[in-house]
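A short write-up of the structure that comes next.
The values are calculated or read from the model by the stated rules, or taken from the named source; none is laboratory data. Everything numeric in this text was worked out from a predicted model, so none of it was measured. Glycine gets a Cβ as well: all are built from the backbone with ideal geometry, and neighbour counts include every protein chain shown.
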Amino acid sequence: MGKILVIAEHDGTSLNASTAKCVACATAIDNDGVDIAVLSADGASLCQQAAALAGVARVLKVDHDVFSAQLAATLAPQIVSLADGYTHILGPSTTFGKDLMPRVAALLGVAQISDIMEVKGPYSFLRPIYAGNAIVTVEASAERKLVATVRTASYRAVSSDGSAAVESVDAGADFPTHTRLVEIKASSGDRPDLQTATKVISGGRALASEENFSLIYSLADKLGAGVGASRAAVDAGYVPNDMQVGQTGKIIAPDLYVAIGISGAIQHLTGIKDAGTIVAINKDPEAPIFEVADIGLVGDLFEIVPELEKQLG
Amino acid sequence: MQKILVGLKRVIDYNVRVRVKPDGSGVVTDGVKMSVNPFDEIALEEALRIKERGGASEVIVMSIGSAEAQQQLRTGLAMGADRAILVESDEAVEPLSAARAMLAAIEREQPGLVILGKQAIDDDNSQTGQMLAALWNRPQATFASKIVLDGETATVTREVDAGLETIAIDLPAVVTVDLRMNEPRYVKLPDIMKAKRKPLETVSFADLGVENEHHLTATHFAPPAQREKGIMVEDVGALIQALKDKGLA
């Protein structure tokens, strides 16, 4: 039976929602224990949050000042020192986990399976390749530890009604000094986080300017939705990079996704195909976005969006 | 800095709609256009710009794969790389083995910087750069949109979920690049002719003293689940009604 270690993602104060989704994936693997490792400068509150996640057996609290910056170069050797006794080590397929987990795998001399979307067996998983145009079944050897990242859009967060034990572990790795955090510039502001929002409104190139994107923000605020964008809109400079939805941006699974002025390149569709309901508004009736939309409306977004906002009351 | 090493992977061209073979044994590659992984092209462009600014003396492109990958290395040479190394293997190469082969090349070439794409658009693994940095025991700056070199260090801007993260790294290091790093140049015909005369060395895993280990097996390929066909509505009123019917408005 497997013994699974999940690496927590956090910002120093709150666990990222990706952690509860990783736990959901971990508990789908036959196991006799899912533990979470919280590596931070001061993990008391974070560990409480981790201990509440349903299905977690133990929380490993590893405090060290060096973890105030969550850098792969310093986190990876610490995770390796915790790895003994675990069969699987999982992290989220967010930029945090994608950066970190391969470094852990290489230090352990083992393979990684990226973007698990379904567990078929303890060493058998489904994952997307070719921007989601194919789904491959990958089997790993039970002889070695397995490192993997979890495609968070494929899992629902476990509930927070558990009560796992928290154990302190001394930080004991040899931390390199060759990598230093300078700054993190977050641009999203007060709107709901794109990756956890239940509703997301996205704008595309057809918005035609940064100023026109205010239409999208205004509608999103009315609906209490997060705001995303296509790659074309980000490349054109209408919005910052962290709003990009799609294969090379964020892969999301809101209950409602509204694509406005987005043609629907395959790279974009990859990022939204787990959404509950997809609404597309586009002036081109042939736009590929309509092939995946549950509700489509052909027309001029500059007329439709203000009207939509008005009629929503 | 003397040398920059750039990884180039041969992949199905990004404009090709990839299809799964009916028997589930893989994806259709017969007669399909192959190209340099677009992220790797951005990596090479960045290396060339650093060299053109006087920041490096030589740009080496490296690929791991079948003999056909020579075509992609020639493309890299035509873009402006000085020479190429192909680690030839007809077997599948997992990221860990690719990283080990690159490390062997690094030990021989001693580059000051290694630049790769943030992921290859075939397997979408996003592992090789990070694994290489770990094995090399050097810094990694993944998903980079900007590199500023300053002597023995580099300041790299990374595109992360929260926004933009800036880190300082000591060189040598591994950088993996994201889409917005630059726009790769087009290759001109005279450069393609010139590239034919540039050195391209072929070695094997054995020559590098690396074993091409296989830890994973892809047992079945399937097309993705399709979403059910939706409805078209005529106006905003009908859209709102449809959303209400689903309990979404």
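Here are a few things to note about the model shown:
- Taken over region A:260-270, residues that are outside any loop (DSSP other than H, G, I, E, B) and modelled with pLDDT of 95 or more amount to 1.
- If you go through region B:157-174 and keep only what is more than 7 Å from chain A (Cβ to nearest Cβ) and outside any strand (DSSP E or B), you end up with B:Leu171, B:Pro172.
- Test: residue in region B:198-214 that is within 12 Å of another protein chain (Cβ to nearest Cβ) and surrounded by 21 or more Cβ atoms within 10 Å (Cβ to Cβ): no
- Considering residues of region B:221-240 that are touching a residue at least 40 places away in the same chain (Cβ under 8 Å) and surrounded by fewer than 18 Cβ atoms within 10 Å (Cβ to Cβ) only, the residue farthest from the other protein chains (Cβ to nearest Cβ): B:Pro223
- Scope region A:271-285; condition at pLDDT below 95, more than 9 Å from every other protein chain (Cβ to nearest Cβ) and in contact with a helix residue (DSSP H, G or I) (Cβ under 7 Å, 6 or more places away or on another chain); matching residues: A:Asp274
- Going through (1) out of contact with any Asp or Glu (no Cβ under 9 Å at 6 or more places or on another chain); (2) surrounded by 18 or more Cβ atoms within 10 Å (Cβ to Cβ); (3) within 9 Å of chain A (Cβ to nearest Cβ); (4) farther than 29 Å from A:Ala233 by Cβ one by one, B:Leu243 falls short only on (4).
- Filtered by the rule that a residue be free of Cβ contacts under 8 Å to residues at least 40 places away in the same chain and at the interface with chain B (Cβ under 7 Å from one of its Cβ atoms), region A:116-154 gives A:Ile129, A:Tyr130, A:Ala134, A:Ile135, A:Val136, A:Thr137, A:Val138, A:Glu139, A:Ala140, A:Ser141, A:Arg144.
- When A:Glu167, A:Glu183 are screened for being out of contact with any Lys or Arg (no Cβ under 9 Å at 6 or more places or on another chain) and charged (D, E, K, R), only A:Glu183 passes.
- Test: residue in region A:172-188 that is surrounded by fewer than 19 Cβ atoms within 10 Å (Cβ to Cβ), part of a loop (DSSP other than H, G, I, E, B) and more than 14 Å from chain B (Cβ to nearest Cβ): yes
- Residue match in region A:104-113 (condition: more than 10 Å from chain B (Cβ to nearest Cβ), under 27 Å from B:Glu213 (Cβ atoms) and without any contact (Cβ under 8 Å) to a residue 40 or more places away in the chain): no
- Just so you know, in region B:73-97 the residues that are part of a helix (DSSP H, G or I) and farther than 29 Å from A:Gly109 by Cβ include one that is nearest to the chain's Cα centre (by Cα), and it is B:Gly76.
- A:Leu71 meets each of the listed conditions (1) within 26 Å of A:Ser163 (Cβ to Cβ); (2) out of contact with any helix residue (DSSP H, G or I) (no Cβ under 6 Å at 6 or more places or on another chain); (3) in contact (Cβ under 8 Å) with a residue 40 or more places away in the chain apart from (1).
- Selection within region A:83-134 - aliphatic (A, V, I, L, M), farther than 19 Å from A:Ser18 by Cβ and outside any strand (DSSP E or B): A:Ala83, A:Ala106, A:Leu107, A:Leu108, A:Val110, A:Ala111, A:Ala131
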